[in-house]
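Just so you know, all these numbers are worked out from the coordinates, no wet-lab data involved. As the structure is a prediction and not an experimental result, all values here were calculated from the model. Don't worry about glycine lacking a Cβ; one is built from the backbone with ideal geometry, like all the others, and counts go over all protein chains shown.
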Ligand code: GLP
């Protein structure tokens, strides 16, 4: 079932309220965070409301889904940079509790093992926020990634490099590899929330709806999660059958 909101701002209002309620109920919540343009209005709204409400974020821990191999944290296209720009620098998190894979780490293999372990040692993810690639990838788990995967290095597909090329000056600059949490890490989160907005996500949402659970469509694994929330705006829902859609109630803001 897809929860359908009129537009990205309505989704941002809803999720910001949900995250704030979660942190108030459990101040040491562990969040799995995503990047991409879909998340920008969500983080902007959350940061604004957290500031207005003087929300205490000092005990919140976050783990990001992924990072490009070869980009340093201060590279403007790195996901580390993105997170600081869109969220971490806007509100009072404890820097020591914010974790992202390091794209420049000398021993990437060891880092991958440690990253998945670290999530477990932190008590596991309470909520994992996800975007989706046009080929159905979640994090950077490209089609045909094993559903048993932990944090690992991936070779990015041509489709993903073309899609993400819009953020780079020159498409050749898009890294060819990334580090991503694995599908198992994502599936172990207590709740998963996948968000897709815009007409350009309508096809992948239809693919998700009609696909069996299959490694060729990574997001399809979420159908086996006990608490999946798939949130779309009307544009991303435009190719879905009516019986798949549940109109969302507006969140007061
Ligand atoms: C990248 C990220 C994904 C994200 C996807 C969609 O590939 N690795 O985690 O879901 O982009 O991005 P956007 O929200 O910009 O469409």
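The helix-based estimate of mean residue ellipticity at 222 nm for the chain, built from -39,500 (n - 2.57) per DSSP H run of four or more residues and divided by its residue count, is -8500 deg cm²/dmol to the nearest 500. Legend: calculated FRET efficiency, residue 90 to residue 120, from the Cβ-Cβ distance at R0 = 22 Å, rounded to 0.05, equals 0.15. Across all C-alpha atoms in the stretch 119-184, the radius of gyration and Dmax reach 13.2, 40 Å. For the stretch 145-176, the residues whose backbone nitrogen is under 16 Å from a point 7 Å from the Cα of residue 75, taken along Cα to Cβ, are 153-157, 161-162, 164-176.
Taking every alpha-carbon pair within the stretch 13-137, the share separated by more than 25 Å comes to 22 percent.
Computed over the stretch 179-231, the quotient of the alpha carbon radius of gyration and 2.2 N^0.38 Å is 1.13.
When both bridge partners sit in the stretch 1-150, DSSP labels roughly 10% of those beta bridges antiparallel. Could you give the distance between the Cα centres of the stretch 203-221 and the stretch 168-184, to the whole Å? The stretch 203-221 and the stretch 168-184 have Cα centres separated by 21 Å. In this label model, residue 166 and residue 54 are separated by 4.0 nm, measuring between points 7 Å along each Cα→Cβ vector.
Return a whole-number percent for the relative contact order of the chain, with Cα pairs under 8 Å and 6 or more residues apart as the contact set.
26 percent
Mean projection of the alpha-carbon convex hull of the stretch 39-81 over all orientations, in nm²? Can you show the working numbers first?
Values: hull surface 15.6 nm².
Mean projected area of the Cα convex hull: 3.9 nm².
For the pair residue 40 and residue 177, a Förster radius of 22 Å applied to the C-beta separation gives a FRET efficiency near 0.35, rounded to the nearest 0.05.
Per residue, the convex hull around the alpha carbon atoms of the stretch 77-127 comes to 101 Å³.
Put a dot 7 Å past the Cα of residue 21, heading toward its Cβ, do the same for residue 113, and the two dots end up 4.2 nm apart. Using the Stokes-Einstein relation with a Kirkwood hydrodynamic radius computed over Cα pairs, the translational diffusion coefficient of the stretch 154-253 at 10 °C and a viscosity of 1.306 mPa s comes to 102 µm²/s.
Convex hull volume of the C-alpha atoms in the stretch 94-241, normalised per residue: 131 Å³.
Which order do the peptides 105-118, 142-155 come out in when sorted by mean C-beta neighbours inside 10 angstrom, highest first?
On the way: 105-118: 14.6, 142-155: 17.4.
Per-residue mean Cβ counts within 10 Å order the peptides as 142-155, 105-118.
Beyond 25 Å, the tail of the calculated P(r) for the chain holds 40 percent of the Cα pairs.
For the stretch 1-57, the Kirkwood estimate of hydrodynamic radius, built from reciprocal distances between every pair of different alpha carbons, is 12.1 Å. Summarising the label geometry, the points placed 7 Å from Cα in the beta-carbon direction at residue 242 and residue 211 lie 2.8 nm from one another.
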